[in-house]
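Notes for the one structure printed next.
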Amino acid sequence: MDCPFELGCFRKADLSADLCVSAFDGLYLEQEESTEDSTVEIGPVTMSVSETKEHFSKMDHPETLTLALTCPICLQLFSGPVSLPCGHIFCFACLQTMGKGLDKHSCPECQADYQGTKALVKSSTMCSIIDTYKATAGRVNSTANPSDIGHFIKSDDRSVTEESNTKHHQESSGCKGNDGFQEQGSGKGKMEMDEPKFRMASEVTELSLKLEMAESVLRKEKERELEVTTANGHLREKACRLLRQITDLSQSYSAQVLQLIEEELGPGEASVGSRVSQASELTEQLRQAMLRAESLLTEDDEAAFTDELQTLQPHIVELMAKPVGEEDDHVESKVNSARACPKLEDMNTELRERFGQIQRSLRNTLNPSEVTFDPETAHPNFVLSEDLKTVTFSAAKQPYPVSPQRFTNFFQVLSTQSFYEGDHCWEVDLEGSPWIIGVCYSGKLARSGLPSALESSRSSWCLMWFNNLLTAFEQGHDVPLKRTTVSRRLEIRLSFKTHRLSFYNVSSVSGKSHVYTFKAHLTEPVHLAYRMMSGHPKGRVTIYS
């Protein structure tokens, strides 16, 4: 191996340059065969590895080498160097500081635009060069004797050449003079120690990159944790609110029933109490009259007897005239069932309706895709099941209360729930009648007349099965589909993320097959909508969340 302390190496810059070239040898030791195609960015120039070695080896002044590794902004060695698209390299922190508050970012040297610091990637190669330079700078200073270096530099050209040649030959023969230089064996040991250091420097770079990736993953996981915690908090809060409503409703129902009982029992109790009071008063009056009469019988004075008798006699006559309670005047003190039971049934009906609403809201909280049919919108010829998931046709109109939301011309009904985000999936069983099913903007769909027809509305997306023909209707425009056999079960998928409304045919024989997909960019909440095309006695639809 050539002596690293030839004439050109007596300067500190040349020693540092050789050590940097050695750093490249260590960094690319495992890629020796592919280094011809490897490139390194040095300032605004992109070089191959071999060119980079030559570039550093030609830096024969300390200032030149240090300048190449110095940030033009802070004038310090690069710290976290990043390369701009134009090729210039700066400290990441320096670019961040300069770019604060700016909408447009440009290179400090050539003014070329770039997309902010978030789009920049750390230059791992330059990081490795900086680390190697820092690690070897001190060793260069301690290895080369300053007095010797000064001696050779101050000598004339001839003496420098001769003495350098002498030392070169001594090095080639396996030994050096006693001028402070180490022997060749020690040099080999030093290089054997350098290789693991260079490999470690490479591993440190890889660890740094992996640490950045791990920190990025950690940030994303923390963001996800915050989203989950927030969503779960909202769910718990809504569930607790609904449960409090159930408690309040139960307490209100209890109070109403107790009031009804009091209203029924109160009058009887008051009547009985009054009769007891009257009987007690009469008894006391009769007792007092009897005591006076008995006392009068023992009176010996005729005048006194006559006077007392005149006073007592009218009172006795009055008491004797008062009736004592008769059986036919007895008042019932029990509940009048004919009057109380209808009131109780009204309370029970209201309780079931309110409980049902709260329970459905609770199910919606736990299952955002929960869906039921809305009795307020159902056509009078529709009969809804108790769980509001099945609609059946009835020839007799139902005594539904008048509602501005109710369909009056077409056999239609909407879902109670509206949907405005997320992904949802339902299955529907359609029996006995041609049908139309899909989604619509409830507020924009009329409730009577031709504009209320689901398929002709500009605020609906639906699929129609009629005369053995499938037709898709998108905002009032029809798209005839192929004639095909459709089973009685459909799967409906609604995705606000992909803006898709898809229909699938579900068969126990052939499985699930795609029917049609709408590309619907929904801008407001939608309701599920169903129309029965004919009043068939066996017409019915059941929906499953």
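The values are calculated or read from the model by the stated rules, or taken from the named source; none is laboratory data. From a predicted model like this one, the values you see are computed outputs, not experimental measurements. Note that each Cβ is placed from the backbone with ideal geometry, even for glycine, and that neighbours are counted across all protein chains shown. Ligands, DNA and RNA are excluded from the accessible area calculation, which covers all protein heavy atoms including side chains. Shrake-Rupley method; radii C 1.70, N 1.55, O 1.52, S 1.80 Å.
Residue count for segment 67-118 satisfying the condition of being in a loop (DSSP other than H, G, I, E, B) and acidic (Asp, Glu): 2. For Ser403, the requirement of being in contact with a helix residue (DSSP H, G or I) (Cβ under 8 Å, 6 or more places away or on another chain), surrounded by fewer than 19 Cβ atoms within 10 Å (Cβ to Cβ) and in the same structural domain as Pro525 (by the TED database) is not met.
Within segment 113-123, how many residues turn out to be in contact with a helix residue (DSSP H, G or I) (Cβ under 8 Å, 6 or more places away or on another chain) and open to solvent by 40 Å² or more (accessible area, probe 1.4 Å)?
Result for segment 113-123: 1.
Residues that are open to solvent by 20 Å² or more (accessible area, probe 1.4 Å) and either touching a residue at least 24 places away in the same chain (Cβ under 8 Å) or assigned to a loop (DSSP other than H, G, I, E, B) (or both) within segment 364-383 comprise Asn364, Leu366, Asn367, Pro368, Asp374, Pro375, Glu376, Pro380, listed in sequence order. Cβ separations smaller than 7 Å between residues 6+ apart or across chains give the following pairs from segment 270-295 residues that are within 23 Å of Leu312 (Cβ to Cβ) to residues that are of a type in the set (D, E, K, R): Leu282/Lys322. Under the condition of being open to solvent by 40 Å² or more (accessible area, probe 1.4 Å), part of a loop (DSSP other than H, G, I, E, B) and touching a His at 6+ places or on another chain (Cβ under 7 Å), the residues counted in segment 499-540 number 2.
Of the residues that make up segment 420-440, is at least one of a type in the set (Ser, Thr, Tyr), on the phi < 0 side of the Ramachandran plot and within 28 Å of the chain's Cα centre (by Cα)? Checking segment 420-440: at least one residue is of a type in the set (Ser, Thr, Tyr), on the phi < 0 side of the Ramachandran plot and within 28 Å of the chain's Cα centre (by Cα).
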